[in-house]
Structures are given as structure tokens and as C-alpha cells.
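Worksheet for the structure shown next.
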Amino acid sequence: MAQRVGGLKRLKLSSATPDFPIGFRCDGVRVHRRCSFSRNCASNRKPRLRIVAQKKWKLNDIDTNVVQERFSQWVSKSQKILSDVTSPLKKKSQSLKKIDLEDQQDFEDLEELLTVEQTVRSDTPKGFLSFDAIISIEQFSRMNGITGKKMQDIFETLVSPALSTDARYLVEYCCFRFLSRDSSEFHPCLKEPAFQRLIFITMLAWANPYCKERNARNDASGKPSFQGRFVGEEAFVRIAPAISGLADRATVHNLFKALATATDQKGISLEIWLAYIQELVKIHEGRKSHQTTDFPQLSMERLLCMAANRKGPVLKWENNVAWPGKLTLTDKSLYFEPVDIKGSKGVLRLDLAGDKSTVEKAKVGPLGFSLFDSAVSVSSGPGLATWVLEFVDLGGELRRDVWHAIISEVIALHTFLREFGPGEGDKSLYQVFGAKKGKEKAITSASNCIARLQALQYMRNLPDDPIKLVQFSFLQQVAYGDIVCQTLAVNFWGGPLLTKVADKRGDIARASRESYETFDNVSDLDGSVYLKRWMRSPSWGSTASMNFWKNSSLRQGLVLSKHLAVADLTLVERATETCRQKYKVVEKTQATIDAATIKGIPSNIDLFKELILPLSITATEFEKLRCWEEPYMTVSFLAFASTIIFRLVHRHVIPCISCSLHSE
């Protein structure tokens, strides 16, 4: 480090710097000075190579072997110091990205999970239960307070004989019955390592509930390991959304693709699974522990995320000037606290709950030049405040895209509340049990989507477009998304009736589900009612909507709640599956168009044929006329062409004849 003394600089060098003696001459007098960092006395110093500036140098006097030896020692010492400095950083970065699955604590948790007494009958008509299925059934049965055999008997009593012989449905029943007991926004058991591994085992069991041979219980006597085993997409889509906060039905396929990126789409490994859940737990715990004393307005709003650090600052552009500051996002608005030494600016607020709120990607730069594509433009509406926020990210546009998706989700959330939820102060909310909590449920759903997006950002497993991972924004962009929003609305606000409602004549009062169907109210699988007066979106009158709700009854299976159905799909699952099929068709078509755009139209034969098809048809018809295949058509065409030619020519022929006669 350099310290200035007068007009000179005094250098302070660390102990890691090599010790070289330096000789030089000053004003004709030779001065020898040693730059050493050792504080030992001169007697303890080792003899070192001296390079002294003289009038006449004799290269033969320098021992080359000594020079080579000293230089090699210096190089090796420098390498050792650099290795010691960088090794802790390297170990720390590796520990953040990789979960150690072989440590003693993890082994003990997994061994305790796999050590359970088997009571369930493993011999079924379709084969023997797999080891994963036995563990899942027994563990969830005990978490429900009964044994696996008792749970198996109850399941066979509740469902039809055709379903009772399927072990996959038995795994679903044991898991879903336990999950149906909790209604929190983020399942508390996800904090427990044993439960995290149990869910992973359950997904493996759902994918492969049978095995060829009977599993002996001493198979787990050795060291248990799930290395090389992956959860497939179908099992993940079925189990993960059933757990509060872990996934949602609309974007679960995109979430699977993001998590499976690390394994080249082979599936989700246990390592990635545990890392994902741990990041989610950290985000939810961080939200709870955050202090809101700096912003009194946050006491009435839900904190979603913040952006304020030195590595990735947030800049607010005003009149070509960038102001760094702290950005806070809630479920209703954005807050920006600029770094102001005088403290004159204070905290700025931008409302996001209005029906005209928008967010777009933008480019910023000094003096009005759009140089950096790392900003978003957020507005509360035409003529209202507009913020241009730049998210500095030296790695690219990843950080900006994530924040664009997060802000878009908040705006889409309020659009959903206006179109599919009851109005503010609607007294009919008191007629349906639990309807007053519908708005809070919708906000919780959006909050969980944002938490999952943040978790994937920390894991560096984001897709190309983060919008695909936030529910309400994604549904606004895809076909059949309105129908999925309708099922979500029924899920959030639907519930049992609390009051009797008279029919149109006013002489009959009924509170049953059948009476509400006469008023075109819709019901969920568990009988929850969603009133017609809440249907403010025009999408309720579409043909697709009518066809969907006509066929919304349960086909088979067992309903545990509006969220969970064994051996069948809930309304949200049915709508999202149809939406996904339509979305895949659109994606395939868009991919074809993009390929043609990038490579050029002539390189895509099929598209080129489509473009020249009208010309081909015209040429074929002219060929038929030329060959007199249809004489009447040929004669008519010749008469029509002759008439056109005569009408165009006679305008010029007659004046020409007149001019020639006049000249004669």
C-alpha cells in the first residue's frame, strides 16, 4: 500500500512479496539498500543475491546457477502463497453449488428414514411393491397416525376394486392424505431434511411402484444411496404441486425443465432437489426476519423481494442521470430509496395495483444514448409516474429479466383479482365460507411463484424466459390461459354456502349445490360454490369455458380436497393440461417460423412451397385454359380478355387515326 509523505510515496509491502536487495547510485555515491519485509535481525538473514549497479559490469562474475536457483525458489514460494489464498474461496464456491450427500449427518437421516417396520402387503395383483413404494407408504401412514396395513385397508374400502389394485394410487393416497391436513402457504415440513428426502422417494415410488422380485428388508442394511437416480417429469408434475409452496400446476412443467438442466434433462437428482428446497426455505425465512421499520407503509403490504447490494446495484434514471439506491417490491407497489447524502429525496413509491400499470424492458445510457439493455420501464398508467430502473449485471441480462418477470407477476396478479375475484366490499363474500380469504390466497400464490424464481436464480438454473415460471403472467400469454384462471378463481374463492338463497320467484329457498346450478354458478370437485355474480371476466361467456364447465364432474377417483384428488385430476390440473397441449402446438409452430427466419425462406422447403402455392394454382388454371380442357371456360376467358384489350386500345387508336387524317 502506498502512503504519501510530502511529495513522495512510501511503499508498504506485504510479507508475501519477494525480498530482493537493490543497489543504485545517488549523486556519485554508491548506495546499497535492501527492501526486506522480515523483521528479524541482520544476523538471522540468509545470504541473498546482490545485484549492484557499477560502472563496468562483468557478466562472467555472476553465478548463473545461483540466479536460477533463487528464481526457482521465488516462483515456487509465490505459487504456494497464491494457492493458499485462493483455496478457501474455491472450496466455499463449490460448497454453495454442491450439496454433500455423503456426510455423516445426511447418512444418519437417510438411514433412519429407510429403517421402518413393514406392515403393508407387498404382494399385489400387479406385482410386488418396490422398495421406494414400501418406504413411502409406511412413513406417510405413520405420519397419519396409523400403520401401512391399516392405510391400505382404508384405501381399498374407499375406492373401486379397479383402482384399489394399483399401487401408484395407494402411494398417492398416503401422501395426499397427509398433505391435505395442512393449509399453510409454505409447508412447514419442508424445513426437515427427512421430509425432503421422503418426498424424493415418493416421486421415485410413484414412477416405479412395482419391482420384479420381493424386496427383503435387509436390502437397506448397507449404506443407502440415491446416486444416479432421477425423478422424471410425470412424477414431478403429479407430486410436487401438491406440496404448498413447492410448485404450481400452471408452470410445473417449466420448473421441471429448469431443474433438470443440470442433468441434461435426464431428470431431477437428489442433489438438485435438496439444493432447490434449501434455497426456498432460505427465501421464506428471510422474508419473515426482515425488519420493516424503515418503511412504515410495509406494515400493510407483503414484502416480496429487495435489491440492494454493492455487486449488483440498482440505478434509477432521471433526466439522463442515474441515482443508485435500494429497491423494495411488495404485493402492491415499488419503493425506491435513493442514496442521498442530504436526505432530501426520501423514499419514493410507485403503485402497481392500478389497471393501467405496465412494465417493459428498456435500454438506458448517458446523454440519452440507449447503450445498455439492462433496464425496465415501470409505469402506473398514462400521465402518471414512470420509473426507469437499471439492474447492473456484469454477467448479462439475467438479473434484469428476473426483475421484469417479478414486477410483471405483481401487475398480472392485480389484473387477475379485478377480472376473476369479487369486488371490494361485496357482501356476497359472507355467503360462502372462506371466500373472504380468497384474495389472500391469490397473493400467496404469486408470492410463492416469485420465491421459486428467486431460488432458481440463486441456483443459476433459470430458463431463457423467466416469465414461464410466474403463474399469472404466464397465463396471460398462452392460449386457454383464461380457463386456467377460472379454475384458480374457483379454487381461491369457492367454498360451502353459509346462507340460503331464494330462486328467481322468491318462494323457494335452497342452499344445496343443485339449486346453485340453476343460476349457472360453478362448483369445484368438493362441492365448493363460486357465485355467478363474481364472474366479471368476459372469458366466462366463451365457448371453451362453457364446454369445460359442462364436463367438470369427477370421472373416477377419490377427492380429498379441492387441491388433491387420488386417481383423477382436479379442475386446475385438467385446465392446465389442456392449456399445455395448446401451448406446445404454438411453440412448435413458432419454432418452425424462427428456423425459417434465421436460415432463410429458401432453405425451408415446406414453408417455401406454402408461399408459392397461390402462384402454382394460378399457373395450373392457365394451363387448363391453354389446353382447352374446359372449352366454355376458355371461350369465356378469351371474350373477357378481348373486351379488356379493345377497351384499352380503342382510346388510343381513334385519336391516332384522327390526327393522321387531319395531317393529310
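Any read-out appearing in this document is the output of simple, stated calculations on the displayed coordinates, not a laboratory observation. Everything numeric in this text was worked out from a predicted model, so none of it was measured. Note that we place each Cβ from the backbone using ideal geometry, even for glycine, and neighbour counts take in every protein chain shown.
Overview of values
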| quantity | calculated |
| --- | --- |
| Integer Hz, Karplus 6.51/-1.76/1.60 couplings in order for the range 559-573, x for Gly and Pro | 8, 9, 6, 5, 8, 10, 9, 8, 6, 7, 9, 6, 4, 5, 5 |
| The range 112-209, dipole about Cα centre (Lys/Arg Cβ +1, Asp/Glu Cβ -1), debye to the nearest 20 | 60 |
| For the range 370-414, with +1 on Lys and Arg beta carbons and -1 on Asp and Glu, the positive-most of ILE406, GLY381, LEU371 along the dipole | GLY381 |
| Convex hull volume per residue for the range 104-287, taking Cα atoms only, in Å³ | 130 |
| Lys/Arg +1, Asp/Glu -1 at C-beta; the range 104-287 dipole; positive extreme among PHE128, ALA258, THR165 | THR165 |
| Interchain or long-range residues, amide H under 5 Å from VAL314's placed H | ASN309, GLY325 |
| Among 314-327, 612-625, 262-275, the order from most to least packed when residues are scored by Cβ within 10 Å on average | 262-275, 314-327, 612-625 |
| Euclidean distance of C-alpha centroids, the range 373-396 and the range 539-598, integer Å | 34 |
| Inter-probe distance in nm under a simple model that places probes 7 Å from Cα toward Cβ, at ALA641 and ASP351 | 7.0 |
| Contour excess over end-to-end distance, with Cα ends at ARG229 and SER552 and 0.36 nm allotted per residue | 112.6 nm |
| Ranked packing of 226-235, 252-261, 639-648, most packed first, by mean Cβ within 10 Å | 252-261, 226-235, 639-648 |
| Simple spin-label estimate for GLU621 and GLU117 in nanometres, 7 Å along Cα-Cβ | 8.6 |
| Violating pairs (Cα-Cα greater than 28 angstrom) within the set LYS257/LYS441; LYS282/LYS356; LYS191/LYS361; LYS191/LYS439 | LYS282/LYS356; LYS191/LYS361 |
